[in-house]
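As structure tokens, the structure follows; a few thoughts come after it.
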Ligand SMILES: [Zn+2]
């Protein structure tokens, strides 16, 4: 089972970004820490108007995004096995939190892209429901079916 932890500061950033975006879909790249077997904690994320994936990032070589990645690797002392790209996120403001066919295709493209070099990637789909941040997380790996993971909103009791 894959667990993705969303810390409070990231929840706040996502909530604000989703509020500002309204009915527009937004997304970006998730950078995180591998804290334990099957457990990832989001450290940093990028917010872009369209669901900008790591693939579009690698292809377009967007300077600001490259800088975010560089800063992140620098801050985390280049411990690539612990701190790295963990996946993608985007919003489904008006839809369910289930990945579309296109979402799945993009994720398999990412994990099979040698330029990305990721052997797995998580997809976080999120939205606001009556002002409350909700989400679902999915795991993609080359040659495997999509697996639903467990999303943990840190600091919020269930
Ligand atoms: Zn989607």
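Read the figures in this text as sums done on the coordinates, not as results from a lab. Here the structure is a predicted model, which means the values were calculated and not measured. As a convention, Cβ positions derive from the backbone with ideal geometry for all residues, glycine included, and neighbour counts pool all protein chains shown.
The calculated FRET efficiency for residue 16 paired with residue 152, based on their beta-carbon distance and R0 = 25 Å, is about 0.80.
The ranking of 25, 37 by Cβ neighbour count inside 10 Å, starting from the fewest, reads 37, 25. Extension gain for the segment residue 145 to residue 67, taken as residue separation times 0.36 nm less the Cα-Cα distance, is 24.8 nm to one decimal. Full extension of the chain segment joining residue 98 with residue 119 gains 5.4 nm, where the gain is 0.36 nm per residue of separation less the Cα-Cα distance.
Ranked for footprinting exposure by Cβ neighbours inside 10 Å, fewest first, 146, 1, 153, 107 give 1, 146, 153, 107. The calculated pair-distance distribution of the range 1-44 uses every alpha carbon pair, bins of 10 angstrom beginning at 0, and gives 26, 46, 24, 4 percent.
Of 138, 108, 85, the sequence from fewest to most neighbouring Cβ atoms within 10 angstrom is 108, 85, 138. Which of the three applies to the range 79-158, rounded, prolate or oblate, going by the alpha-carbon gyration tensor with a ≥ b ≥ c and a/c under 1.5 meaning rounded? Verdict is oblate for the range 79-158.
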